[in-house]
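Encoded as structure tokens, the structure appears first; notes follow it.
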Amino acid sequence: MTDVREVICRPLHARALWIFAALAAAGVGLVAVRMVYEGPDAWLGLGLPLSLVAVLSLRAVTARVSADAYGLHSRTLLRRRSVPWHDVADLRVRLKYANTSRVQDTRRVILVLRDGRKRLLPLPQSWSPDDPDFDATVGALRALHHRYGVPESSHLPVVSYRTSGSGWAGSLALSALLLACAGLVAWWAPSLGSDERAWKSARPCTAGTPVAEREEGECLTTLPAVIARTDANRPAKKPSWLYFADHRPRERLAVSYEDAEEFRPGDRVELTIWRREVMEVAGERHVWRKHLPAARDAVIGAAVLALAAGHPGARVLLRLRGRRLPDDEVLPSVLPFTAALVGTALWLLPLCYLSPPTPLDSPVTITWAAAGSLATLGLLTWAWHATRMRPHGQAAAAEESAESEGQEEQRGEVFLAARFLEHTDYNPYHFGTHIVLGGGPPAVTPHPGPGRFAAKRIPLERITVNGVRRVRGSDGDTVPSSWHIAELDDAGTPVRLAAAPADLTRVIRELSSGGTPAHTVNQES
């Protein structure tokens, strides 16, 4: 790539995009003509998506990115930009997964300026985890940047949802939205409790009932009715109905599928009306009662929403704690905070169920809430320490010191979870999941032991350890965020070895002791 003079990126399938844009524009024109002569109708619903397709197709087909000795130039439908190389700090790859199987992902290039601003280039784009054209284009752009600019990083940073540079605005907005919904539901709970108590205390209307109370429907009115027919529908299709003869006292009433199945045409029933709504339909064989939302439901819903807001909130917290890390370094997993939230739900939700809407109205519930709060505090403290970010040497030393001396000095075979991330002769097709130490030379195995079945010896005479670092976005999402990466040199070929810090230290010590004095570890700070 050192002889690259110019790079030009154009959209793929340009002819198909032009056809889409033309067809969508023609469809929008036909819809507009119809609306002019016949007025707005259902065709308006067709015109809006056609307009969107036309704009998106036109925007995609007119996008263009080029790079030369003078800088990087991008063009879209409404904007043109040119950035000289001396203003470009770095070029990175943004990785977004399209599905949970990681078979398809989206990759684009991020332009990082010297002032800290970041721009997402319209091209190149890739929708495949293995796209040689995209890799070659990114390599050519970085070659031009190395020749005419001063890049911040020597490697290609990859920013994904696991790394510190993925941003936290979306998680913050989601957390704030869930908290706002929780507050709204909690504010609604007292009103539901008032309605629930009023319904339970309502009495039938009598001659002595005040006129105002009768007009407002605060007392219970009972009316006779006859079921004319029923319409029972499965919930996934449409609601079920009870129809009354002569439309008295009303034409129909929405009920559940099971209730509609219980009533029969010709059944004589009594309707109980409260606050101008039918609350009960009582027949000889079945009684239907309207479900009145209770304060308990609102309180539990508010608690669930508040706990759910904690998950994106924890992601924001991890982003803030790792704000000084490089953008492509993988952050610790948010699972410890999720476990703390689940532990909180185990005591909070039963408390909300048993004593809404004022859970702190007795010594038992106060003790329950206090004990649960202490448990939550302990879980959050544990989660905070479990997700701390320590330098490589400190992490490995801390985990090694936690191991017993007997385990360190034990004889025989020891199987350590570790993976080489490249295909090599001792790790063909990434088959290795563990490295066995002791009882022979270090070897890669596809199992945790015992025995060296299918083990392949690691050629210590070829291996040189260049350094140890944290996990980056380019290492893939299959490597746990708590592991570290050792960058090795296998007779001139770069190889990466991933393992937990303490295990990686033991493997590196074994690799270094088995080779020449050149086998040393350079811990990155």
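The values are calculated or read from the model by the stated rules, or taken from the named source; none is laboratory data. Here the structure is a predicted model, which is why all the values come from computation and not from measurement. With ideal geometry, Cβ positions are generated from the backbone for all residues, glycine too; neighbour counts draw on all protein chains shown. Areas reflect the complete protein model, heavy atoms only, side chains present, ligands, DNA and RNA absent. Shrake-Rupley method; radii C 1.70, N 1.55, O 1.52, S 1.80 Å.
Find the eigenvalues of the gyration tensor of the Cα atoms of region 306-347, then list the square roots of 5 times those eigenvalues as equivalent ellipsoid semi-axes, largest first, in whole angstrom.
Values: eigenvalues 115, 18, 7 Å².
Taking √(5λ) for each eigenvalue gives 24, 9, 6 Å, largest first.
Ranked by the mean number of other Cβ atoms within 10 Å of their residues, highest first, the peptides 75-85, 252-262 come out as 252-262, 75-85.
Among 105-117, 291-303, how do they line up from the highest to the lowest mean number of other beta-carbon atoms within 10 Å? Let's see the in-between values first.
Numbers: 105-117: 15.6, 291-303: 18.8.
Result, highest mean first: 291-303, 105-117.
Using a probe of 1.4 angstrom, how much of the accessible area of region 457-511 is carbon and sulfur, in percent? The nonpolar share, carbon plus sulfur, comes to 46 percent.
Using a probe radius of 1.4 Å on heavy atoms only, what accessible surface per residue do you get for region 91-170? Whole Å² is fine.
Per-residue accessible area for region 91-170 comes out at 49 Å².
The protection proxy used here, the mean number of other Cβ atoms lying within 10 Å of each residue, ranks peptides 163-170, 382-389 as follows, highest first: 163-170, 382-389. Cα centroids of region 440-474 and region 261-286: 74 Å apart.
From the alpha carbon centroid of region 211-229 to that of region 479-493 is 77 Å. Of all lysines in the structure, those lying under 30 Å Cα to Cα from K96, and not within fewer than 8 positions of it along the same chain, are K118.
Using the Cβ-Cβ distance between L325 and E258 with R0 = 56 Å, the FRET efficiency computed as 1/(1 + (r/R0)^6) comes to roughly 0.50.
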